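Below is one structure, written out as structure tokens; comments come after it.
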Amino acid sequence: MACASVLLLVGCKPPLPPSKPLSELTPQENSGYAVFQSRCARCHYANSDSGLRGPGLQALYKQPYLPSGAPANDDRITYVIRYGRGMMPAFGSDLDERQLSNLIAYLHTL
Ligand code: HEC
């Protein structure tokens, strides 16, 4: 692959592991997808790691670290969603526990 041969020269990245197709989401993941579409999609791509207003979230849990360098785990990601970070608003008073856990379940499929 041409991309691989110039990897070191231009910093071309290997492809991200694929997300679970939307058609295969469980009911909980599907509810989380709806939360993502209404609260997160205006600032984050789910199907890319390119930035929109915030970093792209594809393969979020499949990499050891978040863009900030914090570990990519439920504790940290839940914290960022509840309390915000930098230019990202807090969603703690907007989302109830059920919406939050549905959203986390969806983020695991990316
Ligand atoms: C108004 C735009 C905006 C919205 C809406 C938004 N974010 Fe963000 N998000 C950002 C920005 C900007 C950053 C980068 C923050 C920083 O590192 O300073 C970010 C960072 C993140 C990170 C990475 C945190 C880290 O430690 O690197 C995650 C995960 C994330 N957002 C998830 C979400 C989820 C899930 C939602 C929906 C509930 C959401 N965001 C809604 C703008 C947004």
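No value in this document is a laboratory result; all are computed from the given coordinates. For clarity, every value in this text was computed on a predicted model and none was experimentally measured. Because the Cβ atoms are built from the backbone with ideal geometry, glycine has one as well, and the counts that use them run over all protein chains shown.
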Tilt, helix 97-107 to longest principal axis of the chain (alpha-carbon atoms), in degrees rounded to tens, equals 10
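Find the relative contact order for the chain and round it to a whole percent, using C-alpha pairs within less than 8 Å whose residues are 6+ positions apart.
Numbers: 127 pairs, mean separation 33.7, N = 110.
Relative contact order, the chain: 31 percent.
Given the Cα-Cα distance of LEU16 and SER38 and 0.36 nm per residue of separation, how much length would full extension add, in nm?
5.5 nm
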Residues of the stretch 25-50 with backbone nitrogen within less than 19 Å of a virtual label 7 Å along the Cα-to-Cβ line of TYR65, please, listed as ranges. 49-50
Modelled label-to-label distance, GLU97 and ARG76, 7 Å Cα→beta-carbon offset: nm? 2.5
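Where Lys and Arg each count +1 and Asp and Glu each count -1, what net charge lies around PHE36 among other residues with Cβ under 15 Å from its Cβ?
Working: positive: LYS20, ARG39, ARG42, ARG53, ARG98; negative: GLU29, ASP94.
Local net charge: +3.
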Could you tell me what a quarter of the Cα convex hull surface of the stretch 21-107 works out to, in nm² with one decimal place? 5.3
